[in-house]
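Okay, so here's the structure we're looking at.
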Amino acid sequence: MNACFFRPDDVSHHLGQLLAERPDAMLVDHRGRVMEGVFCGSAEPLRIALAPQHRVIAPAPGYTVRLDVTGDDRTTGFYTQVVGEVDGVWALQTPRVVRQRVERRAAVRVPMADQDGLTLDVMRGGRSPVIDVSPGGLSFRCDLAAPWARMRRPFRALLRAEGVEPVPLRLEIQHLRLDPGDSHTRIAGARVTVMGDPAPWWQELVRAGAGAA
C-alpha cells in the first residue's frame with residue numbers, strides 16, 4: 001500500500017529500516033542528472049547519506065535534489081539536499097516528508113531471451129537488448145555513455161526483431177538499476193507509447209502479457 005510519512009518519528013523509523021538494508025538509490029539533481037549509489041548512514045542518531053557508485057561532483061549545497069531508494073517491489077522517495085561530503089560519501093539532510101509507493105503490475109512481463117533477438121535501436125545510442133515487455137512498458141540493458149540513459153527525458157527508438165517490421169516507440173525511463181552481469185551497463189524500465197499503428201507481432205506479444213495477468 002502506498003504511504004506518506006510526515007511525523008518526525010515515523011520518518012526516522014522508516015529511514016532507519018531502509019538503512020539496515022543498504023538498498024540501491026538514485027539521486028536526480030536540479031539539472032536533471034541521474035546519479036546512482038547506495039543509501040547508507042546510521043539509524044541512531046539518524047544520519048542519511050548516499051555512497052555514489054561513480055566519482056562525480058556532488059550537487060552544491062542549497063539545491064534541492066530528489067532521492068529514490070528502491071526495494072524489491074517498492075520505492076521510497078523524498079526531497080533533500082547534499083550538506084557535506086566525507087571520503088566520497090554524500091551526507092544528506094533528513095527530509096520532512098517521505099513517500100513510499102508499492103509497484104503494482106496490472107500485466108505480467110513477458111521475458112525475452114538473448115536468442116529472441118529483440119532490440120531497441122536508439123539514434124546515437126546503438127542497439128540495446130530488450131529483457132522483457134508488457135502492454136505499457138519494457139525493460140532493456142543500456143550503456144551509461146548514452147546521453148538519453150541518464151536524463152529523464154522522453155526519446156524515440158525503433159523496436160526490432162529479425163524478419164519482422166520494426167515498431168517506432170516513444171520511451172520514458174522510469175527507473176535504472178544495477179546490472180548484476182555488467183558493471184558498465186544498467187537495466188532500465190521504461191514507459192512505452194507506440195507511434196502510429198503497431199505491428200501485428202507486437203500486438204500479439206503484449207497481449208500475451210495481458211492475458212497472463
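The values are calculated or read from the model by the stated rules, or taken from the named source; none is laboratory data. Since this is a predicted model, take the numbers as computed values, not measurements. Please note: Cβ atoms are built from the backbone with ideal geometry, for glycine as well, and neighbour counts cover all protein chains shown.
Each row is one residue, and each column tells you yes or no for (1) part of a loop (DSSP other than H, G, I, E, B); (2) closer than 26 Å to Ile187 by Cα.
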site	(1), (2)
Cys4	no, no
Asp9	no, no
Met26	no, yes
His30	yes, yes
Met35	no, yes
Pro45	yes, no
Quiz item: If you check Thr80, Thr70, Thr119, which single one turns out to be modelled with pLDDT of 95 or more and surrounded by 12 or more Cβ atoms within 10 Å (Cβ to Cβ)?
Solution: Thr80
Quiz item: Right, Ser139: at pLDDT below 75 and either within 23 Å of the chain's Cα centre (by Cα) or assigned to a strand (DSSP E or B) (or both) or not?
Solution: no
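Yes or no, residue by residue, for (1) without any contact (Cβ under 8 Å) to a residue 12 or more places away in the chain; (2) in contact with a Gly (Cβ under 8 Å, 6 or more places away or on another chain); (3) farther than 20 Å from Val97 by Cα:
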position	(1), (2), (3)
Asp9	yes, no, no
Ala20	no, no, no
Leu27	no, yes, no
Gly32	no, no, yes
Gln53	no, yes, yes
Quiz prompt | Yes/no for Gly16 being surrounded by 15 or more Cβ atoms within 10 Å (Cβ to Cβ), more than 17 Å from the chain's Cα centre (by Cα) and not assigned by TED's automatic domain parsing to the domain that holds Ala188 | solution = yes
Self-check item: Identity of the residue in segment 47-59, in a strand (DSSP E or B) and aliphatic (A, V, I, L, M), that ends up farthest from Gln17 (Cα to Cα)
Solution: Ala51
